[in-house]
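The values are calculated or read from the model by the stated rules, or taken from the named source; none is laboratory data. As the structure is a computational prediction, the values presented were derived from the model and not from experiment. Methodologically, a virtual Cβ is constructed for each residue, glycine included, from the backbone with ideal geometry; neighbour enumeration extends over all protein chains shown.
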Amino acid sequence: MKTIVRGIGLLAVLVVLASAGSVSAQDKPQKITATIDFHELQVAYIGSGTMGHGTLNFQGQSYPIKVAGLGIGGIGLSEIQAHGDVYDLENIEDFAGLYGQVQTGYALGDQSGGQMWLENPNGVTIHLDTKREGLMLSMGANGLDIEMDE
């Protein structure tokens, strides 16, 4: 049941992103409060799906995380290595949850480039630089569910 509720939540995030056009996080002043690294597999054919895991580094501690998502826009298959900054995270409890995402990127073999901006309802923003391997063209909006991995 939890999976169904999260899936409905991800779809709701996609609808909001599609109508809004962009993540507003890029326009407001922010304070870097943590860093994040993760590895993700993305499959796309008009719609897209992602699964992965990684680490959040916050206040001198490392926290394992899991990521999963649904999206619109793109075609192909790629593995993504992402590293980035987390903005405006004051309490670890505010990190996990559904993030809206705007992305651009490409992958052709081991040549790639891309960025992602993500924001959750708690005001936490993530900016990622991505390195992809595979064959992928992505441009669109996605919902990403980030959970703490016990």
Looking at the range 118-150, which of its residues are at pLDDT below 85, in a strand (DSSP E or B) and of a type outside the set (Gly, Ala, Ser)?
THR130, LYS131, ARG132, GLU133, LEU135, MET136, LEU137, MET139, ASN142, LEU144
How about the range 69-101: which of its residues are in a helix (DSSP H, G or I) and either at pLDDT below 75 or charged (D, E, K, R) (or both)?
GLU93, ASP94
Between GLY60, GLY21, which is on the phi > 0 side of the Ramachandran plot, at pLDDT below 90 and not acidic (Asp, Glu)?
GLY21
In the range 32-65, what residues are under 18 Å from LYS131 (Cα atoms) and either out of contact with any strand residue (DSSP E or B) (no Cβ under 9 Å at 6 or more places or on another chain) or not hydrophobic (A, V, I, L, M, F, W, C) (or both)?
THR35, ASP37, HIS39, GLU40, GLN42, SER48, GLY49, THR50, GLY52, HIS53, GLY54, THR55
Based on this model, can you work out whether THR104 counts as β-branched (Val, Ile, Thr), in contact with a helix residue (DSSP H, G or I) (Cβ under 6 Å, 6 or more places away or on another chain) and either within 24 Å of GLN30 (Cα to Cα) or modelled with pLDDT under 75 (or both)?
no
